[in-house]
Amino acid sequence: SDAPQRTLPLHCLQISSFTNRSWSRTDGSTWLGDVQIHTWSHDSDIIRYLKPWAGGTFTDQQWEQLQHLFRVYRSSFSRDMQEFARIVQADYPFELQLFAGCEVHPGSIPESFIHVAFQGSSIVHFQGTSWVAVPDAPQWVGKILQVLNHDLGTRATVQWLLNDTCPQFARGVFEAGKSELEKQVKPEAWLTGARTPGSDHLLLVCHVSGFYPKPAWAMWMWGGQEHPDTQQGDTVPNTDGTWYLRVTLDVAAEQAAGLACRVNHSSLGDQDIILHWGEKDLV
Ligand code: J76
């Protein structure tokens, strides 16, 4: 029997900026989970690989066919949107964002989508076989969709991309990049602290950096208990594909002794990192 096949969502982002009637640019990127695998620059004719395995299991010929399709699409898209802007008398500058992709679930049919936003708000998505406006879309969107939905060739191509190409590509690229995507990188952790000006408080910071994958846990501890005043930061990207997290604690200076920061991440197993606060960590 086939073992349930874990994969990651494949996401494509497109940003198109329209400056005036004759100038626009379109840039894009492809992501597998939180890893960027392609970049598609306005300045380039081709979609570029950022990873050696970013072609997945597609043949050179399949990939060349897609490159051609997206070259035609990008210039058609710019031309079409300029034409629509003229029809609905849209104000410049404006921006269109496309968010498309698919997720392959073991044992069930893949889920694919395209969402389009205008000036940062969702206006249209592709549903089944045609383009559909979101419920609260502006009136003029309906007018444009009538025209777009007339193009049966493009609708068929979009369905093929969503239902066949995307899931097939997602499976292949996950297979090809598996060892890198499933890598485990251990975090480093360190403490800093500073006096809060005008009070006898300290702001203690526990830094956790360089880990992969993204989920991580860190907490200030006091007497073996999680300190309830711990402030969680966001997990933000480093430039090398790893992640950074910090948790902070505002305490009265005399209560700092005895505090520790506890860190857990999948790469550590049950070997949590525990760092004890000391005067040496004051900066
Ligand atoms: C998101 C991926 C879409 C891929 C579409 C590929 C097909 C394509 O490039 N179509 C354009 C050229 O179409 C001609 O040539 C085709 C063969 O190459 C067929 O023969 C087709 O029948 C023929 O017409 C076509 O010009 C498309 O219109 C390009 C744009 C598609 C698109 O992105 N549509 C879109 C964009 C924004 C739909 C909705 C919105 C939101 C509303 C916008 C409000 C301003």
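The values are calculated or read from the model by the stated rules, or taken from the named source; none is laboratory data. Bear in mind the structure is a predicted one, so any value in this text is a computation, not a measurement. We place every Cβ from the backbone using ideal geometry, glycine too, and count neighbours over all the protein chains shown.
Just the residues that are assigned to a loop (DSSP other than H, G, I, E, B) and more than 21 Å from residue 162 (Cβ to Cβ), please, taken from segment 1-40. Spell out how you get there, then give the answer.
In the first step, residues of segment 1-40 are kept if they are assigned to a loop (DSSP other than H, G, I, E, B); the result is 1-9, 21-22, 33-34.
Result: 1, 2, 3, 4, 6, 21, 22, 34.
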Segments classed as helices (runs of 4 or more DSSP H), wholly inside segment 109-193, with at least 2 members that are of a type outside the set (Gly, Ala, Ser) and closer than 30 Å to residue 206 by Cβ: 166-181
Only one of 103, 95, 111 that is more than 9 Å from the ligand (Cβ to nearest atom), of a type in the set (D, E, K, R) and in contact with a Cys (Cβ under 7 Å, 6 or more places away or on another chain): 111
Cβ pairs under 9 Å, 6+ apart, first in segment 142-153 and within 9 Å of the ligand (Cβ to nearest atom), second at pLDDT below 95 and in a loop (DSSP other than H, G, I, E, B): 144/88
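Take residue 268 and tell me if it is at pLDDT 95 or above, surrounded by 14 or more Cβ atoms within 10 Å (Cβ to Cβ) and touching a Lys or Arg at 6+ places or on another chain (Cβ under 8 Å).
yes
Does residue 184 meet the test of being among the polar types (S, T, N, Q), more than 15 Å from the ligand (Cβ to nearest atom) and exposed (fewer than 14 other Cβ atoms within 10 Å of the Cβ)? Walk me through how you get there before you give the answer.
Details: among the polar types (S, T, N, Q): yes; more than 15 Å from the ligand (Cβ to nearest atom): yes; exposed (fewer than 14 other Cβ atoms within 10 Å of the Cβ): yes.
For residue 184, the condition - among the polar types (S, T, N, Q), more than 15 Å from the ligand (Cβ to nearest atom) and exposed (fewer than 14 other Cβ atoms within 10 Å of the Cβ) - is met.
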Boolean, residue 140 is over 18 Å from residue 28 (Cβ atoms), surrounded by 13 or more Cβ atoms within 10 Å (Cβ to Cβ) and in contact with a Leu (Cβ under 9 Å, 6 or more places away or on another chain): no
Count of residues meeting criterion [touching a Leu at 6+ places or on another chain (Cβ under 9 Å) and either within 24 Å of residue 272 (Cα to Cα) or hydrophobic (A, V, I, L, M, F, W, C) (or both)] in segment 185-203: 10
Residue within segment 89-101 that is closer than 24 Å to residue 180 by Cα, under 23 Å from the mean Cα position of the chain (by Cα) and not in a helix (DSSP H, G or I) present: yes
Test: residue in segment 223-239 that is part of a strand (DSSP E or B), among the hydroxyl-bearing types (Ser, Thr, Tyr), under 30 Å from residue 32 (Cβ atoms) and at pLDDT 95 or above: no
Every residue from segment 158-181 that is surrounded by fewer than 18 Cβ atoms within 10 Å (Cβ to Cβ) and under 25 Å from residue 87 (Cα atoms): none
Residue in segment 17-29 that is surrounded by 12 or more Cβ atoms within 10 Å (Cβ to Cβ), touching a Gly at 6+ places or on another chain (Cβ under 9 Å), at pLDDT 95 or above and not β-branched (Val, Ile, Thr) present: no
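Going by what's in this entry, would residue 134 be described as farther than 19 Å from residue 28 by Cβ, of a type in the set (Val, Ile, Thr) and either touching a Gly at 6+ places or on another chain (Cβ under 9 Å) or within 9 Å of the ligand (Cβ to nearest atom) (or both)?
no
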Subset tally (residues that are closer than 21 Å to residue 73 by Cα and touching a strand residue (DSSP E or B) at 6+ places or on another chain (Cβ under 7 Å)) for segment 134-156: 5
Flag if residue 113 is of a type in the set (Phe, Trp, Tyr), surrounded by fewer than 16 Cβ atoms within 10 Å (Cβ to Cβ) and under 22 Å from the mean Cα position of the chain (by Cα): yes
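Surrounded by fewer than 14 Cβ atoms within 10 Å (Cβ to Cβ) and not β-branched (Val, Ile, Thr): which single residue out of 216, 257, 189 fits that description?
257
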Any hit, segment 41-55, residues being exposed (fewer than 12 other Cβ atoms within 10 Å of the Cβ), at pLDDT 95 or above, not in a loop (DSSP other than H, G, I, E, B) and not basic (Lys, Arg): no
